[in-house]
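Asks: Can you keep this structure in mind? I'll have questions shortly.
Any read-out appearing in this document is the output of simple, stated calculations on the displayed coordinates, not a laboratory observation. Since the structure is predicted, the reported quantities are computational estimates derived from the model, not experimental observations. As a convention, Cβ positions derive from the backbone with ideal geometry for all residues, glycine included, and neighbour counts pool all protein chains shown.
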Amino acid sequence: MSSPSTSASPEPVAPAHASIKRAAYREPGPLVIEIENVTKLYKMGEEIVHALLGVSIKVHRNEYLAVMGPSGSGKSTLMNMLGCLDTPTSGKYHFTGKDVSDMSDDELADIRNREIGFVFQTFNLLPRSSSLQNVELPLVYAGYSPAHRREKAMQTLRDVGLGERMGHKPNELSGGQRQRVAIARALVNNPSIILADEPTGNLDSKTGEEIMQLLEVLYEQGNTIIVVTHEEDIARHARRIVRLRDGLIESDVKQH
Ligand code: ADP
Ligand code: MG
């Protein structure tokens, strides 16, 4: 990861793809996610869209998984499901051993806040809030004291190389820096799992590589990562690739 610059100078040049440091393979830990024969139908007036047609998948701690597939194949639908942002039409979902369909709205909100870190293609930062305020937000919901929040958010921003950008608002940051703020926000609660839906989709390829280098470091530190991408270059960073097509898993392959 690049070190933070101390002035308003341009960002350090991101490493080329070939120079990205690949972390050593880690043996997966206990089961985190288990979905079984999950379907998702959307009703659009008269029409029914079958976004997922029966998907089963198990993800263990310390896995680094890429979800690939053409546009419309169900990648985002699957991620929203895994992240408890949406519920399956049918099928089972166990998160850390608990049946998600048995959970109340409060329990689901709690899981989303504490156990899952989201990173989106469009960053989804609060535009009028500083980096620090954006990263503190999940801790507000989690009920930490203001001093503890600040300390944790600052440390997480330093971890992603933004120690010098704490007071900047999103429009005062580059795309890569914005995505790093979003990653810090995803990480600040020490979630069980990081879900990233096309995190490099709005970035140029060099900046995208910088974000992938950061994910590589997070993997090395023992995080569990699921990243959606349609770029083979990006997917090559993962240790396992799941390919979706028309709402079904086409292949699920480990690569060390
Ligand atoms: P991907 O992320 O792989 O591009 P999505 O999961 O977004 O695919 O979409 C899968 C299918 O479900 C597509 O045909 C899409 O049009 C449809 N879809 C996704 N979200 C909705 C929604 N909220 N309402 C209706 N149809 C949807
Ligand atoms: Mg999508």
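Asks: Within 12 Å, Cβ to Cβ, of residue 107, how many net charges do the neighbouring residues add up to if Lys/Arg are +1 and Asp/Glu are -1?
Replies: -3
Asks: Which residues does a label at residue 129 reach in the stretch 76-116, if reach means a backbone N under 19 Å from a point 7 Å past the Cα toward the Cβ?
Replies: It comes to 85, 109-116, nothing else.
Asks: Can you sort 168, 148 from fewest to most other Cβ atoms within 10 Å of each residue's own Cβ?
Replies: 148, 168
Asks: Taking the chain as a Gaussian network, Cα atoms linked when under 10 Å apart, which of 165, 22, 114 shows the biggest mean-square fluctuation?
Replies: 22
Asks: If you don't mind, another one. Which whole-number percent is the relative contact order of the chain (Cα, under 8 Å, 6+ apart)?
Replies: Relative CO of the chain lands at 29 percent.
Asks: 7 Å from Cα along Cα→Cβ at both residue 250 and residue 107: what's the point-to-point distance in nm?
Replies: Calculated label separation equals 3.7 nm.
Asks: Something else about it: Which of rounded, prolate, oblate describes the stretch 78-214, given a ≥ b ≥ c as roots of the alpha-carbon gyration tensor eigenvalues and a/c under 1.5 marking rounded, otherwise prolate only if a/b is larger than b/c?
Replies: Oblate, since a/c reaches 1.5 and b/c is not below a/b.
Asks: Express in % the proportion of alpha carbon pairs of the stretch 212-256 at distances exceeding 15 Å.
Replies: 47
Asks: Moving to a separate point now. Work out how much length residue 142 to residue 90 would gain on full extension: take 0.36 nm times their residue separation and subtract the Cα-Cα distance, in nm to one decimal.
Replies: 15.7 nm
Asks: Something else: Would you mind estimating how fast the chain diffuses translationally, via Stokes-Einstein at 37 °C and 0.692 mPa s with the Kirkwood radius over Cα pairs, in µm²/s? List each step's numbers first, then the result.
Replies: Values: Rh = 18.8 Å.
Rounded to a whole number, D works out at 175 µm²/s.
Asks: Does anything in the stretch 109-123 have its amide N under 15 Å from the 7 Å Cα→Cβ label point of residue 98, and if so which residues?
Replies: Hits in the stretch 109-123 for residue 98 at 15 Å: 109-117.
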